[in-house]
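Q: The structure is given below, and queries will be raised subsequently.
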Amino acid sequence: MKKSALIVAALTAATAAFCAESFTLERPGEWVFRRGDAAEAKIDETSGEIVCRSFEGKNVPLTVRQSPDGKSRLIQLPTSDCGYYVLTNPANKKRQSFAVVPPVPAHDTFENPFGVNYHLTRIALSDAKREVRMAQFIGLDWARGVLFDWSSVRDGSGKALFAKYAALRDFLKESKLHCLGGLYYVPQEISSAPEGVERLVATRCPPEDMTPGKVFAKQLAKEYDFIRYWEVGNEPDADLFWRGRWRNYIRHDERAVIGDYVDYLAAAYQGFKEADPKNVVLLGGLTSHGPVGYTWKPFWKTALEAGCWKYFDVLNVHYAADIGLFRKMMLDAGGADRPCWLTETGGSAAGGADNERTQVVRDVTEQVAQLSAGAVKVMKYDFRNDGTNPLYNEHHFGMVRRDFSPKPTYVAHAVMIAKLLNTRPVAELNVLKSADRGFLKGFAFAHKDGSYVNVLWLNLAKKAKVKLAVGSDSLTYTSALGVQKVLRPDATGHLLLEVDDLPFYLEGVVKSAPGKIVYPADTLVKRIALPLKNAAFENRKLESWHSLFDKTVSRTSCAGGTLRVEVSAPGFKQYLPIFQHIDIAKFMEDLPADCYVRLVLSCRTKRENIVGRGTTLCGSFLDGARKRVAYRDGGYRAGTHDWQLETLLSKPLPPQTRTIGVEYYFAPKTTGKIEVDDFRAELEVWKKPQL
């Protein structure tokens, strides 16, 4: 056990058996406790105040005593109530979080809809076991990201990797996790990309003959014969994960690139089914950019026209994708209906306006809404933070931090699972006008005995007074992090309570108002053109633009009235941009509180033999100190094509944004020629609805 700077060890001897089909194991983490457990913490400091605060910001009394040797102190941890807590020494700012979670109800683990993503082959086996046990401790019975990618195979057969991960395989089988395996990408050695192309690109370009995919899918399924569910690829509508056969990719033939994925899907489907006809095959999870797609468009329509629905048993989408629209389009195209899984869902706790509180909101509300929309399984991305960079959102999607200390969303998941296990979604509640500020969303879930659990949350307001029609019976209220109390309705059958922006649960009957639910929509107020200088290179110079291109590997010219860049050496490792900064500080400071802003960028590009990850248009958002707080790129593209329009629409700008960066990038190790012209930049001002 890694020694904490503040706390040496948490001491409990309790073990936990959590649910049907599960097994008894030792406590999964030093700082995760069942409600009601006896728990002490031993700290390596003999003096100084130790403060305990709950997620709600309340001070929690502690019982502290000296250890027998007088060299440390023992603290009785508060575990009578569920919650997220932080121990702090105000004198030296050392801190340690811990979680108190409810018991997991007895349940059939196969029927459990909740799962989580891992990266188990990237970490030590001991850490992999610890992640899995911490997840199972709160009832996360389904797992994705447990195997190596096909692109990792170097010996053709995969025997070396099967041997390398044999101990992990044995643990997964023993753990009784329900695993989702998959065939991801292709080995560089059989890629259709020419020799010398960057690995990240080459492994996204399948061979002309897809037979190797069929063969390896069959081999993989036989090696991991305890896995019954297999997906084919990941987010194939995005060029980061799929580029199609090289000949189609370099021509940017979107229809052909999408057709190549259907060929890949068909080959893998045949392999998995030959290994065992009972194997269930999932479509590679599509991004939340919906049926249109992220890079390759229109992805879903084109894939359906190519007959993709013949080669999967389960539809698979990510995040807030419109499940109903996906299924309708499949039926309209002549395909049979399929169950749908959500194999990535949830938010990050960093980047832009995101933090650990907003992560709780998105993690819970997205899963609840998608379960109600028809998702059979929902899998949080991901279990453990991937890094520690405070500004990089990809490092902070985890439920626990890199050091395994729990985050608030770990507790929120434990509470959600405890409340919704053994239920089914039955209705979306019309509680739209039940709050005096903003509006409410609500979904009802039913137990087999006819009792109800309702999940509700406030939108467009931080706090509100809520009035709900519930009848004469009392209801049990549970906060997102497990604080419970019994609430009694007034004489008119209404429940009155004050809520904040976190979701909450009400056990009992919540009545839905009559009429169709029509949620208020944001309104586009205006578009503001940003003052880009020399946007069309009319000066025939790079005037007003900054360039970080390395002159030893590149040449730039504006002599013809367009920006021409040629990069000839593939060895550089950094991103090479041109950029221009635009000050919007006054605008952001004067922006009304009920409005937000999105950036729209466009330019024309012409590529010639761009090899590697490619080039992209990008917008960066910088704070008052000119530090980058977020960015948005339009997707890296390579190949050869005549003039095309590239566009980018950002998410809402982080509120601390004071400067916009209009940028165009060469990715590392990319070579070739590109012409860029006619940059445009504007802000869209959107107004949140008023109720």
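The values are calculated or read from the model by the stated rules, or taken from the named source; none is laboratory data. On a predicted model such as this, the values are computed, not experimentally measured, just so you know. No Cβ is skipped: glycine too gets one built from the backbone with ideal geometry, and neighbour counts run over all protein chains shown. Only protein heavy atoms, including side chains, enter the accessible area calculation; ligands, DNA and RNA are left aside. Shrake-Rupley method; radii C 1.70, N 1.55, O 1.52, S 1.80 Å.
Q: Looking at region 483-510, which of its residues are outside any strand (DSSP E or B), open to solvent by 70 Å² or more (accessible area, probe 1.4 Å) and under 30 Å from Val411 (Cβ atoms)?
A: Of everything in region 483-510, those that are outside any strand (DSSP E or B), open to solvent by 70 Å² or more (accessible area, probe 1.4 Å) and under 30 Å from Val411 (Cβ atoms) turn out to be Arg488, Val509.
Q: For region 92-100, indicate whether the set of residues that are within 24 Å of Val499 (Cα to Cα) and under 32 Å from the mean Cα position of the chain (by Cα) is non-empty.
A: yes
Q: I want to confirm something. Restricting to region 632-645 and keeping residues that are open to solvent by less than 10 Å² (accessible area, probe 1.4 Å) and assigned to a strand (DSSP E or B), which single residue is nearest to Asp239 (Cα to Cα)?
A: Result: Ala638.
Q: Hey, Ser405 hits all of (1) without any contact (Cβ under 8 Å) to a residue 12 or more places away in the chain; (2) under 28 Å from Trp457 (Cα atoms); (3) over 18 Å from the mean Cα position of the chain (by Cα) but one; which does it fall short on?
A: All conditions are met except number (1).
Q: Against the definition (at pLDDT 95 or above, over 23 Å from the mean Cα position of the chain (by Cα), farther than 22 Å from Gly515 by Cβ and outside any loop (DSSP other than H, G, I, E, B)), how does Val415 come out, yes or no?
A: When the stated conditions are applied, Val415 does not pass them.
Q: Taking region 291-320, which residues are open to solvent by 10 Å² or more (accessible area, probe 1.4 Å), without any contact (Cβ under 8 Å) to a residue 60 or more places away in the chain, within 23 Å of the chain's Cα centre (by Cα) and closer than 18 Å to Thr343 by Cα?
A: If the condition is that a residue be open to solvent by 10 Å² or more (accessible area, probe 1.4 Å), without any contact (Cβ under 8 Å) to a residue 60 or more places away in the chain, within 23 Å of the chain's Cα centre (by Cα) and closer than 18 Å to Thr343 by Cα, then Pro291, Tyr319, Ala320 are the ones that fit.
Q: Every residue in region 464-475 that is surrounded by 14 or more Cβ atoms within 10 Å (Cβ to Cβ) and part of a strand (DSSP E or B), please.
A: Ala464, Val466, Lys467, Leu468, Ala469, Leu475
Q: State all residues of region 180-205 that are closer than 21 Å to Gln219 by Cα, hydrophobic (A, V, I, L, M, F, W, C) and open to solvent by 10 Å² or more (accessible area, probe 1.4 Å); if no residue qualifies, say none.
A: Ile190
Q: Restricting attention to region 135-149, report how many residues are open to solvent by 10 Å² or more (accessible area, probe 1.4 Å) and in a helix (DSSP H, G or I).
A: 0
Q: For Lys573, state whether it is under 22 Å from Glu394 (Cα atoms) and not in a strand (DSSP E or B).
A: In short, yes.
Q: Consider region 292-323. How many of its residues are in a helix (DSSP H, G or I) and modelled with pLDDT of 95 or more?
A: The number of residues fulfilling the criteria is 12.
Q: When region 480-530 is examined, which residues are found to be in contact with a Pro (Cβ under 8 Å, 6 or more places away or on another chain) and of a type in the set (S, T, N, Q)?
A: Listed by number, the list holds a single entry, Thr523.
Q: From the list Gly156, Gly213, which one is within 30 Å of Val611 (Cα to Cα) and open to solvent by 50 Å² or more (accessible area, probe 1.4 Å)?
A: Gly156
Q: What pairs can you find where one residue is in region 187-201 and at negative phi, the other is of a type in the set (Asp, Glu), and their Cβ atoms are less than 7 Å apart, with a gap of 6+ or different chains?
A: Taking only residues 6 or more apart or on different chains, the pairs are Ser192/Glu208.
Q: Test of understanding: among Gly139, Gly145, Gly213, which residue is at pLDDT 95 or above and touching a strand residue (DSSP E or B) at 6+ places or on another chain (Cβ under 6 Å)? Walk me through it before giving the result.
A: Details: Gly139 fails: touching a strand residue (DSSP E or B) at 6+ places or on another chain (Cβ under 6 Å); Gly213 fails: touching a strand residue (DSSP E or B) at 6+ places or on another chain (Cβ under 6 Å).
Exactly one of Gly139, Gly145, Gly213 is at pLDDT 95 or above and touching a strand residue (DSSP E or B) at 6+ places or on another chain (Cβ under 6 Å), namely Gly145.
Q: Taking region 330-357 as the search range and keeping residues that are open to solvent by 50 Å² or more (accessible area, probe 1.4 Å) and assigned to a helix (DSSP H, G or I), which one is nearest to Trp230 (Cα to Cα)?
A: Looking at the filtered set, the residue picked out is Leu331.
Rundown of residues vs (1) aromatic (Phe, Trp, Tyr); (2) within 33 Å of the chain's Cα centre (by Cα); (3) under 18 Å from Leu460 (Cβ atoms), yes/no style:
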{"residue": "Phe504", "(1), (2), (3)": "yes, yes, yes"}
{"residue": "Gly508", "(1), (2), (3)": "no, yes, no"}
{"residue": "Lys516", "(1), (2), (3)": "no, yes, no"}
{"residue": "Val525", "(1), (2), (3)": "no, yes, yes"}
{"residue": "Ile528", "(1), (2), (3)": "no, yes, no"}
{"residue": "Lys533", "(1), (2), (3)": "no, no, no"}
{"residue": "Phe537", "(1), (2), (3)": "yes, no, no"}
{"residue": "His546", "(1), (2), (3)": "no, no, no"}
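Q: Which condition does Phe404 not pass, out of (1) part of a loop (DSSP other than H, G, I, E, B); (2) in contact with a Ser or Thr (Cβ under 8 Å, 6 or more places away or on another chain), if it passes all the others?
A: The failed condition is (2).
Q: May I ask you to list the residues in region 540-559 that are surrounded by 12 or more Cβ atoms within 10 Å (Cβ to Cβ) and among the β-branched types (Val, Ile, Thr)?
A: Passing the criteria: Val553, Thr556.
Residue-by-condition table, conditions (1) touching a strand residue (DSSP E or B) at 6+ places or on another chain (Cβ under 7 Å); (2) modelled with pLDDT of 90 or more; (3) over 20 Å from Arg527 (Cβ atoms); (4) buried (at least 18 other Cβ atoms within 10 Å of the Cβ):
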residue: Leu591; (1), (2), (3), (4): yes, yes, no, no
residue: Arg607; (1), (2), (3), (4): yes, yes, yes, yes
residue: Gly614; (1), (2), (3), (4): yes, no, yes, yes
residue: Ala630; (1), (2), (3), (4): yes, no, yes, yes
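Q: To continue, here is another question. Take region 449-497 and flag every residue that is of a type in the set (Asp, Glu) and in contact with a Leu (Cβ under 8 Å, 6 or more places away or on another chain).
A: Of everything in region 449-497, just one residue is of a type in the set (Asp, Glu) and in contact with a Leu (Cβ under 8 Å, 6 or more places away or on another chain), namely Asp490.
Q: Here's another thing I want to ask about it. How many of the residues making up region 450-488 are among the polar types (S, T, N, Q), within 22 Å of Lys407 (Cα to Cα) and within 28 Å of the chain's Cα centre (by Cα)?
A: Summing the residues that are among the polar types (S, T, N, Q), within 22 Å of Lys407 (Cα to Cα) and within 28 Å of the chain's Cα centre (by Cα) in region 450-488 gives 2.
Q: Give Ser620, Ser602 a once-over and let me know the one that is open to solvent by less than 60 Å² (accessible area, probe 1.4 Å), in contact (Cβ under 8 Å) with a residue 60 or more places away in the chain and polar (S, T, N, Q).
A: Only one candidate qualifies: Ser602.
Q: How about region 358-374: which of its residues are open to solvent by 10 Å² or more (accessible area, probe 1.4 Å) and either assigned to a loop (DSSP other than H, G, I, E, B) or not basic (Lys, Arg) (or both)?
A: Within region 358-374, Thr358, Val361, Thr365, Glu366, Ala369, Gln370, Leu371, Ser372, Ala373, Gly374 qualify.
Q: Can I ask one more? Leu563: of a type outside the set (Ser, Thr, Tyr), crowded, with 16+ Cβ neighbours inside 10 Å and within 30 Å of Cys595 (Cβ to Cβ), yes or no?
A: The answer is no for Leu563.
Q: Could I ask something else about it? From the residues in region 24-46 that are basic (Lys, Arg) and under 17 Å from Ser405 (Cα atoms), which one is least open to solvent (accessible area, probe 1.4 Å)?
A: Looking at residues that are basic (Lys, Arg) and under 17 Å from Ser405 (Cα atoms), I get Arg34.
Q: Also, I was wondering about something else. Collect the residues in region 514-536 that are under 29 Å from Leu475 (Cα atoms), aliphatic (A, V, I, L, M) and surrounded by 13 or more Cβ atoms within 10 Å (Cβ to Cβ), keeping them in residue-number order.
A: Ile517, the sole residue that qualifies.
Q: Further question on the same structure: Just checking, how many residues over region 648-674 are under 30 Å from Gly196 (Cα atoms), buried (at least 19 other Cβ atoms within 10 Å of the Cβ) and not aliphatic (A, V, I, L, M)?
A: Matching residues across region 648-674 total 8.
Q: Still on this structure, please answer the following. List the strands (runs of 3 or more DSSP E) that sit entirely inside region 47-120 and contain at least 3 residues that are open to solvent by less than 40 Å² (accessible area, probe 1.4 Å) and in contact with a Phe, Trp or Tyr (Cβ under 7 Å, 6 or more places away or on another chain).
A: 83-89, 94-101, 114-117
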